[in-house]
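The values are calculated or read from the model by the stated rules, or taken from the named source; none is laboratory data. Just so we're clear, the structure is a prediction, and the values are computed from it rather than from any experiment. Cβ coordinates were reconstructed from backbone atoms using ideal geometry, including for glycine residues, and neighbour counts include every protein chain displayed. Ligands, DNA and RNA are excluded from the accessible area calculation, which covers all protein heavy atoms including side chains. Shrake-Rupley method; radii C 1.70, N 1.55, O 1.52, S 1.80 Å.
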Amino acid sequence: DEVVLCVDQSGSMASSVVYASIFAAVMASLPVVRTRLVCFDTAIVDLTDELADPVKVLFGVQLGGGTDINQAVAYCEQRIERPAKTHLVLISDLYEGGNGEELLARAAGLVRQGVNLIVLLALSDDGRPAYDARMAEAFAALGAPVFACTPDQFPDLMATALRREDVLAWAADRDIKAIRAG
């Protein structure tokens, strides 16, 4: 299996970027899963080659700037070799500065190809992010689980995803409120 963490590094996502970078470095050390870490704002930084060194990963992250989620998802899409064996975790507040319609069409195509697409609105201790509700509902309508979780919950979430179990049921069992289609 392959895990792609696609992480919004705009200023509002600061703690999510730090946690995602740490988890990516840990997952990269597991021989059973290939891990890719892609951070973005209006530019894209692929930190996959740095994952063996968590300190390099953290220093490779540049917080700030706008957000072009569509461009980042397109970048990730081009690198997916086996869609049915790929878990794409988009960590973003979904405030799209790029092309929102194209982003949703691209996401729908990934889901149709069998990519396990999960949208985390935040990976933070408080777990109560500000996010674009309309975009979150649109992703949920595609069948992608959309919710926020804490760093403590993330390893269990990934284990559930890697087993291809029901991520929404996992979230419900932990009283995590998932976004529903609008």
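Condition (residue is in a strand (DSSP E or B) and closer than 24 Å to Leu142 by Cβ) applied to the range 60-68: is it met by at least one residue? No, the range 60-68 contains no residue that is in a strand (DSSP E or B) and closer than 24 Å to Leu142 by Cβ. The residues listed here are Val45, Val17, Val4; of these, the one that is within 16 Å of Ile69 (Cα to Cα) and in contact with a His (Cβ under 9 Å, 6 or more places away or on another chain) is Val4. Assess whether Asp49 counts as being open to solvent by 40 Å² or more (accessible area, probe 1.4 Å), within 24 Å of Ile176 (Cα to Cα) and not aromatic (Phe, Trp, Tyr). No. Residues that are out of contact with any Cys (no Cβ under 9 Å at 6 or more places or on another chain), modelled with pLDDT of 90 or more and either part of a helix (DSSP H, G or I) or of a type in the set (Asp, Glu) (or both) are absent from the range 22-32. Checked against (1) in contact (Cβ under 8 Å) with a residue 40 or more places away in the chain; (2) open to solvent by 10 Å² or more (accessible area, probe 1.4 Å); (3) within 15 Å of the chain's Cα centre (by Cα), Phe154 passes all but condition (2). Being open to solvent by 10 Å² or more (accessible area, probe 1.4 Å), under 14 Å from the mean Cα position of the chain (by Cα) and among the polar types (S, T, N, Q) is a condition met by no residue of the range 26-33. Among residues of the range 7-21 being in a helix (DSSP H, G or I) and among the β-branched types (Val, Ile, Thr), the one that is surrounded by the fewest Cβ atoms within 10 Å (Cβ to Cβ) is Val18.
Filtering the range 30-63 to residues that are out of contact with any strand residue (DSSP E or B) (no Cβ under 9 Å at 6 or more places or on another chain) and over 17 Å from Pro151 (Cβ atoms) leaves Leu30, Pro31, Val32, Thr42, Ala43, Asp49, Ala52, Asp53, Val55, Lys56, Phe59, Leu63.
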